[in-house]
Amino acid sequence: MAAEKRRISILGSTGSIGVNTLDVINQLGGRDAFDVQAITGSSNISLLAEQALTSGARLAVTADESRYGELKEALAGSTTEVAAGREALIEAASREADWVMAAIVGIAGLAPTLAAARRGADIALANKECLVSAGELFVNAVAEGGGRLIPVDSEHSAIFQSLEDDQHHAVERIVLTASGGPFRTWTRDKMKGVTADIARAHPNWSMGLKISIGSASMFNKALEMIEAKHLFNLRPEQIEVIVHPQSIIHSMVGYTDGSVLAQLGCPDMRTAIGYALTYPNRPKLDVERLDFAKLARLDFEAPDEVRFPALRLARAALQRGGAQGAVMNGAEETAFQAFCEGRIGFLAMADVVERVMDDMVMFPAATDMEGVFAADAEARRLAAEVITKTEMAA
Ligand code: NDP
Ligand code: MG
């Protein structure tokens, strides 16, 4: 009898992480090894349809209701079922799957990822916004569903891999590495005038637009600090950031005996995705191997919180607790959108987020998901106000 196929779903299959996930799936046997229950995208209908045909996905969903007809037509005559809209996304996430890749970008990923978690799937988490916004409510939802929460973000995968079983009590600190992005050596003055096209060019990693801009502003690292707190149950003072321009050490764990364990590799998300897919085993993957002689050196420098205030804001969010994670995330997504539309400058993103975080410092901590969405909505409303004022003052 043939071995049973692993049932998987990919939320956000048309994005950078989604495409890499399908590549890993193909490397590990494709349709012979995996039964793809559902894939989801939003605007890239032709890619979604192509992925459905090659993976044999049972269901393909676009989040964008207005694109339903296009997707239906592209998949006419195939065995893939087609659906569209927010409810359909949740239905896709709730399908019986053993493993679900959560790779939608932004808070839009929270409801579908939660649905998958509550149904009990193992969650491979790329969508860090779930943890930043919903924190332990999200961690608890996964635990209650009975699945495992396996990080995909390269830093958190590195920490996950460097954590020794039963030694959590001996963890002194974690050190998140940051490439420093394209503006690592730039002055604040020079950063003032950059556009989204300039900011999206990352020196080491090829990623989606949001995270590329977040790497340039270091808001991505800021969100990752909060992500780490919830994933590994850390105190704020245990979370450090070090700039490491080569992105070879993906992050480290420091123990009470002075040892530091790290995970290294070429900057290629397929390693972290493959690990999340086969954990606790390691897959055989066709990715570039590290050549240490060629590398010759690894550099480190302290992050500059004056040029990159996002890090300071993350620390404030960690110390304040309450709803500040959801607030920071909602304000940052709104400011990012306004920056991409050319409405505010690169440096104004942090100003907007700081204003909203300060204004909402007393906003109550969420006790359920409605509370998370309420904090997110209020942060977006306030951020939109600050953005309009900033535009009028310019
Ligand atoms: P992309 O922008 O490349 O892809 C995002 C995916 O989400 C696409 O499938 C997109 O569909 C879909 N999508 C966009 N908007 C919505 C919406 N409103 N509702 C439902 N689906 C939507 O992002 P990345 O792959 O770069 O990132 C995905 C997540 O993984 C993010 O949370 C990011 O922080 C995290 N991550 C990414 C890394 C990377 O290397 N890229 C590394 C570590 C973490 P479509 O394209 O069809 O419009
Ligand atoms: Mg990362």
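The values are calculated or read from the model by the stated rules, or taken from the named source; none is laboratory data. What you see is a predicted model, and the numbers here were worked out from it, not measured in a lab. Because the Cβ atoms are built from the backbone with ideal geometry, glycine has one as well, and the counts that use them run over all protein chains shown. When the accessible area is computed, the model is the full protein with side chains, heavy atoms only, and any ligands, DNA or RNA have been set aside. Shrake-Rupley method; radii C 1.70, N 1.55, O 1.52, S 1.80 Å.
Assorted remarks:
- Projected onto their three principal axes, the Cα atoms of the chain cover extents of 61, 52, 41 Å, largest first.
- Equivalent ellipsoid dimensions for the stretch 1-71 as semi-axes, Å, which come from the Cα gyration tensor, largest first: 23, 12, 9
- Each Cα pair of the stretch 192-264 feeds into the Kirkwood radius, which the Stokes-Einstein equation turns, at 10 °C and 1.306 mPa s, into a diffusion coefficient of 113 µm²/s.
- Spatial offset of the stretch 27-76 relative to the stretch 366-392 amounts to 33 Å, using the alpha carbon center of each.
- Where GluC sites (Glu not before Pro) fall in DSSP loop in the stretch 242-334, at most 12 other Cβ within 10 Å: Glu288
- Helix-only [θ]222 nm of the chain, DSSP H runs n ≥ 4, -39500 (n - 2.57) each, per residue, nearest 500: -14000 deg cm²/dmol
- Subset of Lys192/Lys221; Lys190/Lys389; Lys5/Lys72; Lys229/Lys389; Lys229/Lys294 violating a 30 Å alpha-carbon distance limit: Lys229/Lys389; Lys229/Lys294
- At most 16 other Cβ within 10 Å, DSSP loop - GluC sites (Glu not before Pro), the stretch 113-166: Glu164
- Taking the alpha carbon gyration tensor of the stretch 272-320, multiplying each eigenvalue by 5 and rooting it gives semi-axes of 33, 22, 8 Å, largest first.
- Average accessible area per residue (Å²) across the chain - probe 1.4 Å, nucleic acids and ligands excluded: 43 Å²
- Available extension along the chain between Trp205 and Ile242 is 11.6 nm, counting 0.36 nm per residue and deducting the alpha carbon span.
- Spatial offset of the stretch 297-314 relative to the stretch 178-215 amounts to 13 Å, using the alpha carbon center of each.
- DSSP beta bridges fully contained in the chain are about 25 percent antiparallel.
- Across the stretch 74-156, the relative contact order, built from alpha-carbon pairs under 8 Å that are at least six residues apart, equals 26 percent.
- Net charge, Gly120 excluded, C-beta distance under 14 Å - Lys, Arg +1, Asp, Glu -1: +1
- Taking all Cα pairs closer than 8 Å and separated by 6 or more residues, the relative contact order of the stretch 214-306 comes to 27 percent.
- Positive minus negative residues near Thr271 (Lys, Arg vs Asp, Glu; Cβ under 15 Å): -2
- Fraction of accessible area attributable to carbon and sulfur, the chain (%, probe 1.4 Å): 50 percent
- With contacts taken as Cα pairs under 8 Å at a separation of at least 6 residues, the chain carries a relative contact order of 14 percent.
- Within a Gaussian network of the chain (alpha carbon springs, distance under 10 Å), most fluctuating of Leu313, Leu285, Leu28: Leu285
- Where labels lie 7 Å past Cα in the beta-carbon direction, separation of Val361 and Thr187 in nm: 3.2 nm
- Set the Cα radius of gyration of the stretch 22-126 against 2.2 N^0.38 Å, with N its number of residues, and you get 1.00.
- Near His156, once Lys and Arg are set to +1 and Asp and Glu to -1 for all other residues with Cβ below 10 Å from its Cβ, the sum equals -3.
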